[in-house]
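Worksheet for the structure shown next.
Just so it is clear, none of the values below were taken in a lab; they were calculated from the coordinates. Quick caveat: nothing in here was measured; it's all calculated off a predicted structure. Quick reminder, even Gly has a Cβ in these numbers, built from the backbone with ideal geometry, and neighbours come from all protein chains shown.
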Amino acid sequence: MPETKSIVFTYKEVVEALIRYNSIHEGLWDLYIEFGLAAANIGPGPENEYSPAAIIPLKKIGIQRVEKITNLTVDAAVVNPLPKVEPKEE
């Protein structure tokens, strides 16, 4: 069997995993990503030339609570419901 090189997830799968990891049981949640911006001269390229370039690092990834449902939204009550408590018998 070939070795797995990568495992990928949809946006919603990432949100679902973070909801479960954080024990969230209610609310609508979307993916949250924060990018940075930096610049540098890169090279040398052909003929020993440099070129200005933008560098956009992924700084943070998480989830944020939202009010409206979009294609990125996950309902925590659906994917991670509170456990049902059985009534005590006397």
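Summary table below
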| item | result |
| --- | --- |
| FRET efficiency estimate (nearest 0.05) - Cβ-Cβ, A53 to S23, R0 35 angstrom | 0.25 |
| Size of electric dipole in the chain: Cβ of Lys, Arg +1 and of Asp, Glu -1, about Cα centre, debye, nearest 20 | 100 |
| Nearest 10 degrees, 0 to 90: helix 11-21 Cα axis against the chain principal axis | 50 |
| Among 55-67, 21-33, 38-50, the order from most to least packed when residues are scored by Cβ within 10 Å on average | 21-33, 55-67, 38-50 |
| Approximate spin-label separation I42-K5, in nm, with each point projected 7 Å along Cα-to-Cβ | 2.1 |
| Relative contact order of the chain, pairs being alpha-carbon contacts under 8 Å that are 6 or more residues apart, as % | 37 |
| 30 Å Cα-Cα reach of K60 towards lysines, excluding residues that sit fewer than 8 places from it in its own chain | K5, K12, K68 |
| Value of [θ]222 nm, deg cm²/dmol, for the chain, DSSP H segments ≥ 4, -39500 (n - 2.57) each, nearest 500 | -4500 deg cm²/dmol |
| Cα-based Rg and Dmax for region 11-79, where Dmax is the largest Cα-Cα distance (Å) | 18.8, 59 |
